[in-house]
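Just so you know, all these numbers are worked out from the coordinates, no wet-lab data involved. Because the structure is predicted, anything quoted here is derived from the model rather than measured. Virtual Cβ from ideal backbone geometry, glycine too; neighbours counted across all protein chains shown.
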Amino acid sequence: MTKPLKPEWVAAGKAIYEMKCLPCHKLTNVRLVGPGWAGVSKRRQPLWIINMITNVDMMLAKDEEAQKLLELCLVRMPNLSISPEDARSILEFMRSNDGEP
Amino acid sequence: MNKRNLLLLAGVLVLSGPAFVTGCKPKQLITQVQSGVAEKVYVAPGKHDEFYNVVSGGFSGGVAIYGLPSGRLFRQIPVFSQNAESGYGYSEETKPMLNTSFGYQVWDDQHHVSLSTTKGEHDGRWIFANGNNTPRIARISFETFRTEEIIEIPNSAGNHSSPFITENTEYTVAGTRFAYPLDDEGANPDVPLDDASFKKNFKSVVSMIAVEPKTGRMSIAFQVLLPGIDIDLARAGKLKSHGWIFFSCYNSEQAHTLLEVNASQKDKDFIVAINWKQCEEYVKAGQGRKSHVKYAHNVWDERTHSATSTFENQTIVLDPTQLPGIAYLMPCPKSPHGCDTDPTGSYIVGSGKLAAIIPVFSFDKMLRAIAAKDLEGEFAGLPVLKYASVLHGEVKKPGLGPLHTEFDGKGFAYTSFFVTSELVKWNIATLQVVDRVPTYYSVGHMSIPGGPTTKPHGKYAIAYNKITKDRYLPTGPELTQSAQLFDITGEKMKLLLDFPTVGEPHYAEALPATLVEPKSKKFYKLEENQHPYVTKSEKDARVVRDGKVVHVYMTAIRSHLAPDNIEGVKVGDEVYFHITNLEQDWDVPHGFAVKGSGNSELLIMPGETATLKYVPSRVGIAPFYCTDFCSALHQEMQGYLRVSAAGSDVPLTFGLGDTAKP
């Protein structure tokens, strides 16, 4: 993991968030369509986050934690065709949102 | 006579022919199907068909896509008519596609399709489709199955012999079915309808529309002026005959009334052979006349998800009575319809729909007759080649009313017969009939996968029948159309399946799914969306007033529209809902409808932006919602627009959730 965060990745992640994630995820801990993102980078393993972003259908089929979230939210997270590189930027933005320097 | 007898009589009239000793009742027809055919057309759940069948939509104005061998309908592509499924022709982005020199045309008649080829073989790039009534040609993408371009054809009427293509898709063609006074600026089209006026003023042209090899973009390269005759169908030469194109024509009598009788007087009409490579030389040498006309050219831009319509103002017209070597007439019995070149390019099959033979012309003999000036005379200043000199031979007693012929690439031709309602298989070399099979009822065009190309894929023949009658559960006076699938892998043709079709298909083509399926587009990338009113992020969703015009920048994603509360719109405003579907996954369209819109709904593909114009007509709350079931919370995907009186001072506000009023 990068320490400190890479600012260009954070910026790229923020831009993708605003286009593809913002309609359903707030940056606070308030659930909208999906869970709020506050604290997500501390709650979840990086690999789990990347998998949810890039391969949500597999996660909803196999991962117990993802299935619990579906029971809670009742809307399947859509596949937004995000590349692994872009998912890495989103993760960087999540960590920034959680206060990492 | 009671009704039962009338029906029986109709059956006898339609079906009596070489294949039938007596009149038939439907119950007897079932025995025509042999056992074991079901598994030949059964495509198991989740499995895909082997061929795409691209079928003209006739008077629906669109093109329909079926699978073969199952006969399942997958999609109706709107082309020349407004479409109440997608909003084509209603949305602001698609309206320009239906623009013409006559203004906006809501509904046309779509007859034939032509699939792009390279070296004479299907290449899976584009579908071309003709608009018959207000003459146009459309190009449809095989990646998106959407209409990408429509070009109007000036100096023409009844664009029937179209949109047939040349070997490498250099050109798609158009021809005048109704002889017609030219549209030239300064010409006087207000002419009397009588014999003298017809001969003097009425002309026919064939148009060669160049297709840009990479983009497919169309432009009218030149038009060839012909006397006033009814040009009917066309096929380009291939391989050895590449560089020529052949048009059938009827009404060489030049009748202008009761054509049923008056255009059926002569024993022979013509197949017109055009040497388009020679035409190109004349155009290069500046030998064409500039015709000043106005015609629309409409282009869809996938980056902006929008069409533009511009007007062109000129064509080049070549007059073959002044420019020798570009047009020859071959006499052809009798009122020919089909005019089909075989896969080797050696033979041209004429199908005289009132004839009792099929004439087969030899391309080599045609060239020899031209070289030897072996003429039987002239027609309106054009050379007429001697029938006997250009004929390869005649298929004797094939049936009545041959319409159209396709090929299996194994040396056989298959001709459809309307009057005797059958498909007839014959040997091109020996001209002997080898098999015949009845169709139900009265086949028009027929199709073999790859049948018009240099490399037919064979396997099936499909009959597109003109009469349905009792083949399906009845649905009142208006019935589905009827197609039939035949197995042609053996010596004998075998009926496999009836399948219903829409809008009276005329012609159709089929090609292997492997040429198309891998490149079918799944969604539009948001990053590449350059629509001028795109909203790429929900945080940018907004409402902007500009005088009486209100632009709503709205986003749609499972399962809400943003903004979903809007106030401050007034009666008499022009409201534009620009809706961007933010989804980036296959098969997640969103729809949009607003109460009392007076327009249409929208269907918006993932990553696409589409615009609905809405002029509120009364004060009140206009709810809006998503019309395409998108998720478990689809029913919640709704919002409210408050419409106030004209002149009211309700301020413009909008919001969603936190940003809406508490």
FRET efficiency, 1/(1 + (r/R0)^6) with R0 41 Å, evaluated for B:Thr475 and B:Val37 via beta carbons: 0.95
When each of B:Lys238/B:Lys522; B:Lys238/B:Lys425; A:Lys20/B:Lys519; B:Lys47/B:Lys396 is checked by Cα-Cα distance, pairs over 32 Å: B:Lys238/B:Lys522; B:Lys47/B:Lys396
For residues of A:8-16, the mean tally of beta carbons on other chains within 10 Å: 1
Fully extended contour minus Cα-Cα distance, from B:Glu394 to B:Phe74, at 0.36 nm per residue: 111.2 nm
Full-extension gain in nm, B:Lys519 to B:Lys240, via 0.36 nm per residue minus C-alpha separation: 97.2 nm
Two-decimal Rg/Rh across the range B:589-662, once Rg and the Kirkwood Rh are taken from alpha-carbon atoms: 0.99
Order of B:Thr535, B:Thr609 - criterion: other Cβ atoms within 10 Å of each residue's Cβ, fewest first: B:Thr535, B:Thr609
Whole-Å distance, taken between Cα centres, linking the range A:37-101 and the range B:472-524: 45 Å
Amide N proximity, the range B:317-349 versus B:Leu367 label position 7 Å along Cα-to-Cβ, cut-off under 20 Å: B:324-331, B:340-349
Rh by Kirkwood over Cα pairs, then Stokes-Einstein D for the range A:7-97 at 1.567 mPa s and 4 °C, µm²/s: 99 µm²/s
Potential extension, B:Lys548-B:Phe311 segment - 0.36 nm per residue separation minus Cα distance: 82.4 nm
Most positive-pole-ward Cα, A:Ser96, A:Pro84, A:Ile50, against dipole of the range A:7-97 from beta carbon charges: A:Ser96
Cα centroid separation, the range B:415-433 to the range B:167-242 (Å): 30 Å
Charge dipole (chain B, unit charges on Cβ, about Cα centre) - positive-most of B:Tyr576, B:Pro452, B:Tyr171: B:Pro452
Förster radius 35 Å - calculated FRET efficiency between B:Asp267 and B:Asn188 (Cβ-Cβ, nearest 0.05): 0.45
19 Å Cα-Cα reach of A:Lys68 towards aspartates and glutamates, excluding residues that sit fewer than 8 places from it in its own chain: A:Asp57
Over the range B:499-642, equivalent-ellipsoid semi-axes from the Cα gyration tensor in Å: 32, 19, 15
Against the rule of thumb 2.2 N^0.38 Å, how large the Cα Rg of chain B comes out: 1.05
Taking B:Glu538, B:Glu280, A:Glu65 and counting other C-beta atoms within 10 Å, the order from fewest to most: A:Glu65, B:Glu280, B:Glu538
Lysines whose Cα lies under 25 Å from that of B:Lys203, excluding same-chain neighbours fewer than 8 positions away: B:Lys266, B:Lys268, B:Lys277, B:Lys284, B:Lys290, B:Lys294, B:Lys334, B:Lys353, B:Lys386
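The range A:1-67: which trypsin sites (Lys or Arg not before Pro) are DSSP loop and have at most 16 other beta-carbon atoms within 10 angstrom? Display every interim value, and only then the final one.
Numbers: sites: A:Lys14, A:Lys20, A:Lys26, A:Arg31, A:Lys42, A:Arg43, A:Arg44, A:Lys62; in loops: A:Lys26, A:Arg44.
Qualifying residues, ordered by number: A:Arg44.
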Cα-based reach from B:Lys494 at 20 Å (exclusive), listing aspartates and glutamates while leaving out same-chain residues under 8 positions away: B:Glu39, B:Asp49, B:Glu50, B:Glu406, B:Asp408, B:Glu422, B:Asp435, B:Glu509
Descending semi-axes in Å of the protein assembly as shown, equivalent ellipsoid built from Cα gyration tensor: 55, 31, 25
Sequence of B:Arg72, B:Arg436 once ranked by neighbouring C-beta atoms within 10 Å, starting from the fewest: B:Arg72, B:Arg436
Rounded FRET efficiency, nearest 0.05, which uses the C-beta distance separating A:Ala11 from B:Glu85 and R0 of 30 Å: 0.15
